[in-house]
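The values are calculated or read from the model by the stated rules, or taken from the named source; none is laboratory data. All of these numbers come straight from a predicted model, not from anything done at the bench. Positions of Cβ are generated from backbone atoms using ideal geometry, with glycine treated the same way; all protein chains shown enter the neighbour counts. Accessible surface areas use protein heavy atoms only, side chains included; no ligands, DNA or RNA. Shrake-Rupley method; radii C 1.70, N 1.55, O 1.52, S 1.80 Å.
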Amino acid sequence: MELYSYCRSSASFRVRIALELKGLAYDYRAVQLIKNEQLSEAYTAVSPARLVPQLVDGDVSIGQSLAIIQYLDELHPQPSLLPGDAQARARVRSLALDIACEVHPLNNLRVLRYLVREMKIGDEAKNLWYRHWVEQGLAVVERRLADEPQTGHHCHGDTPTLADCVLVPQIFNAQRYGCRLQHVPTVMRIFETCMQLPAFQRAQPSACPDFEP
Ligand SMILES: N[C@@H](CCC(=O)N[C@@H](CS)C(=O)NCC(=O)O)C(=O)O
């Protein structure tokens, strides 16, 4: 398997966590977003959306991190990242989507670049935008994790699921942009728990072959 990834891409990070949790070997194909490699003709042939991650597994090529993780989970069911019954799986997907759909797209690189280059918004205003959507989105996740009885050591129960794969990278980005995190203690407790696990450590940006401090 080949994973097209960029070390600081949170969507790629989600898939790297899933691969590590399942113990699946893969070849890392770096796409340096910072150098606009995602826009090259060669990469457009791999990913028509010009986004990372993209998983290539033989003849199969898949974009969208959540679709990739669910593909891996179906092919390699243990350990399961979508455990339990239909109700439990719906909760896990819903938590993952609270971040992947409601927070992440507002702060993607191309959105931030558009704000700065086309809308002529300064760096300070861009950072305000970034922090606003992350802090508000994480507050939603916090309310759910704090109130819903299915929350355990992890987002759902005591083992990592798809929801943890999506939560952890968003916290890395939040910390990088100096977002306020005091209002999300349950989120941070789960983040710390995840980061104790070797799979999450091996998947983090600083462990990637293309990492530059
Ligand atoms: N919904 C997509 C999001 C993918 C995405 O936005 N990837 C970002 C990096 S985290 C990217 O490739 N950005 C390139 C750009 O904005 O030009 C997924 O979950 O895979």
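The figures follow:
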read-out: Tally of residues being more than 9 Å from the ligand (Cβ to nearest atom), under 16 Å from the mean Cα position of the chain (by Cα) and part of a loop (DSSP other than H, G, I, E, B) across the stretch 49-81; value: 1
read-out: Selection status of ASN173, within 30 Å of LEU72 (Cα to Cα), at pLDDT below 95 and touching a helix residue (DSSP H, G or I) at 6+ places or on another chain (Cβ under 8 Å); value: no
read-out: Residue in the stretch 160-183 that is more than 14 Å from the ligand (Cβ to nearest atom), assigned to a helix (DSSP H, G or I) and of a type outside the set (A, V, I, L, M) present; value: yes
read-out: Qualifying residue in the stretch 121-133 (condition: more than 16 Å from CYS179 (Cβ to Cβ) and modelled with pLDDT of 95 or more); value: yes
read-out: LEU109 vs. criteria in contact (Cβ under 8 Å) with a residue 24 or more places away in the chain, in the same structural domain as ALA174 (by TED's automatic domain parsing) and more than 26 Å from PRO198 (Cα to Cα); value: yes
read-out: Any hit, the stretch 84-94, residues being farther than 19 Å from GLY152 by Cα, open to solvent by less than 40 Å² (accessible area, probe 1.4 Å) and small (Gly, Ala, Ser); value: no
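Per-residue answers, yes or no, for (1) of a type in the set (Val, Ile, Thr); (2) over 12 Å from LEU138 (Cα atoms); (3) in contact with a Lys or Arg (Cβ under 8 Å, 6 or more places away or on another chain):
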| residue | (1), (2), (3) |
| --- | --- |
| GLY152 | no, yes, no |
| CYS155 | no, yes, no |
| THR161 | yes, yes, no |
| CYS165 | no, yes, yes |
| GLN175 | no, yes, no |
| CYS179 | no, no, yes |
| PHE200 | no, yes, no |
| PRO205 | no, yes, yes |
| CYS208 | no, yes, yes |
